1. Go over the candidates Q56, Q20 one by one and state the one that is in contact with a helix residue (DSSP H, G or I) (Cβ under 6 Å, 6 or more places away or on another chain), at pLDDT 95 or above and open to solvent by 10 Å² or more (accessible area, probe 1.4 Å).
2. Among the numbered criteria (1) acidic (D, E); (2) under 22 Å from G17 (Cβ atoms); (3) more than 21 Å from the chain's Cα centre (by Cα), which one does E133 miss?
3. Could you please tell me which pairs satisfy a Cβ distance under 6 Å, a separation of 6+ or placement on different chains, a first residue in the range 120-134 that is assigned to a helix (DSSP H, G or I), and a second residue that is among the small types (G, A, S) and open to solvent by less than 60 Å² (accessible area, probe 1.4 Å)?
4. Going through V38, V50 one at a time, which residue ends up being open to solvent by less than 20 Å² (accessible area, probe 1.4 Å), among the β-branched types (V, I, T), within 18 Å of L127 (Cα to Cα) and touching a Pro at 6+ places or on another chain (Cβ under 9 Å)?
5. Given the structure, is P163 out of contact with any Pro (no Cβ under 7 Å at 6 or more places or on another chain), more than 23 Å from S104 (Cβ to Cβ) and either open to solvent by 40 Å² or more (accessible area, probe 1.4 Å) or modelled with pLDDT of 95 or more (or both)?
6. In the range 91-122, which residues are over 22 Å from L155 (Cα atoms) and either crowded, with 17+ Cβ neighbours inside 10 Å or of a type in the set (A, V, I, L, M) (or both)?
7. Quick test of your reading of the structure: D79 fulfils all but one of (1) part of a helix (DSSP H, G or I); (2) in contact with a Gly (Cβ under 7 Å, 6 or more places away or on another chain); (3) not polar (S, T, N, Q). Name the failing condition by number.
8. In the list R70, R74, which residue meets the criterion of being surrounded by 16 or more Cβ atoms within 10 Å (Cβ to Cβ) and either within 15 Å of F145 (Cα to Cα) or out of contact with any Cys (no Cβ under 6 Å at 6 or more places or on another chain) (or both)?
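The values are calculated or read from the model by the stated rules, or taken from the named source; none is laboratory data. Nothing here was measured: the structure is a model prediction, and the numbers come from that model. As a convention, Cβ positions derive from the backbone with ideal geometry for all residues, glycine included, and neighbour counts pool all protein chains shown. Quick note on the areas: whole protein, heavy atoms, side chains included, nothing else; ligands and nucleic acids left out. Shrake-Rupley method; radii C 1.70, N 1.55, O 1.52, S 1.80 Å.
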Amino acid sequence: MRLLLWRHGRTTWNEAGRFQGHADPPLDETGRAQVTAVAPLIRALNPELVVSSDLQRCRDTAAGLELPVRTDARLREIDLGGWSGLTGAEAAVRFPEEDRAWRSGQDVRRGGGETYREVAERAGTLLDEIRAEGLPAQPDGLIVFVLHGGTARSLIGHVLGVPPELWWHFGPLANCRWSLLRLAEGGFRLSEHNAGPLLVGKIAAAGSGLSEPLLPSQGPPTESDTEPVHLPR
């Protein structure tokens, strides 16, 4: 089987560098243009099943596929509790100890929310249930999860058997880009990470009227996406 993890298009909070968590800001104009550009490429892969987080930014991204879509709350972004809606600078002031722990690579429960390990467990349970249904029916059939950056990273680490303290080594998915996992003998392998058409950024920027279009992998990441980890040397 193949499992494609597709992150939602850009939102107003992504652009502002705000942590989202379970909050539900909508796609912005650039995010909608990203979906328009990328969705036909994923639809052409003929997925057997599409499952989306129940949050609006993912549901609206999945709708671009024009295919039947299941929704499941287990694909939601990590619950960030009191961090939700804050910028990185604001979170550092309000939650200094949690911020220091997070930046040192600890899987800390920020703002009273979840840990990444817990996110991986709920998303992994969903994947197990789908496989127990006998899906995909074809040996190389494709399942698409439309989800969030933190959830994607957690699920990748979980299915690959990577220790949670090393999950931050997987760079964050840019908006509307994907990772592809392939199940082979012995388990899953990561075939693609942060993949997508190179012109998506330019297409999206042209649609949004931005003066300086940027490729998704080359644009400056927001603090809420980068999760900067400063490990002791």
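1. Working: Q56 fails: in contact with a helix residue (DSSP H, G or I) (Cβ under 6 Å, 6 or more places away or on another chain).
Exactly one of Q56, Q20 is in contact with a helix residue (DSSP H, G or I) (Cβ under 6 Å, 6 or more places away or on another chain), at pLDDT 95 or above and open to solvent by 10 Å² or more (accessible area, probe 1.4 Å), namely Q20.
2. Failed condition: (2).
3. A120/S154
4. Details: V38 fails: within 18 Å of L127 (Cα to Cα).
Answer to the check: V50.
5. For P163, the condition - out of contact with any Pro (no Cβ under 7 Å at 6 or more places or on another chain), more than 23 Å from S104 (Cβ to Cβ) and either open to solvent by 40 Å² or more (accessible area, probe 1.4 Å) or modelled with pLDDT of 95 or more (or both) - is not met.
6. Narrowing the range 91-122 to residues over 22 Å from L155 (Cα atoms): 91-100.
Result: A91, A92, V93, F95, E98, D99.
7. With (1) part of a helix (DSSP H, G or I); (2) in contact with a Gly (Cβ under 7 Å, 6 or more places away or on another chain); (3) not polar (S, T, N, Q) applied to D79, the lone miss is (1).
8. On the way: R70 fails: surrounded by 16 or more Cβ atoms within 10 Å (Cβ to Cβ).
From the options R70, R74, the qualifying one is R74.
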